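For reference, the structure is listed below as structure tokens.
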């Protein structure tokens, strides 16, 4: 776990929270919490007078709270597994071939 000093040092060198997170291998929101002691999702409010006294405090930090999604199906091993499952399911493949693109389900 990176320390407050490590995060603040990188911020002091001009990095933003996203870059600090990449450098330290943590999400940007976690870097923000380490540096400020405040969660990035805005779940903890800070009085305006106190906010100005906190180093590296951002008036709006919500954008840091949701790391980009990671799609595990982008792994080659997952693609191969899915392809093998599709190839092994002859009944579903036959059903797919029997349908046409314009066909609508009957109610």
Completion exercise
Comparing 87, 95, 28 in a Gaussian network model of the chain (Cα, 10 Å), the one with the largest mean-square fluctuation is 95
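Can you sort 10, 64 so the residue with the fewest Cβ neighbours within 10 Å comes first?
10, 64
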Problem - Selected from 96, 15, 33 as most flexible by GNM, with the chain as the system and alpha-carbon contacts under 10 Å - result: 96
Handout entry: In nm, spacing of pseudo-spin labels at residue 84 and residue 96 (7 Å Cα→C-beta vector)
Key = 1.8 nm
Exercise for the section: For segment 4-64, restrict the atom set to alpha-carbon positions and state the Rg and Dmax in Å. Expected result: 10.8, 32
Problem - Hull-based mean projected area of the chain, where the convex hull spans the alpha carbons, in square nanometres - result: 12.9 nm²
Exercise for the section: Between 82, 38, 26, find the one with the highest GNM mean-square fluctuation for the chain; connect C-alpha pairs within less than 10 Å. Expected result: 82
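Can you sort 4, 100 from fewest to most other Cβ atoms within 10 Å of each residue's own Cβ? Don't jump to the answer; show the numbers that get you there.
On the way: 4 14, 100 6.
Lowest to highest Cβ neighbour count: 100, 4.
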Practice task
Take 56, 32 and order them by how many other Cβ atoms sit within 10 Å, fewest up front.
Solution key: 56, 32
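FYI, it's all coordinate maths here, none of it is from the lab. Treat the numbers as computed from the prediction; the structure is a model and nothing was measured. Methodologically, a virtual Cβ is constructed for each residue, glycine included, from the backbone with ideal geometry; neighbour enumeration extends over all protein chains shown.
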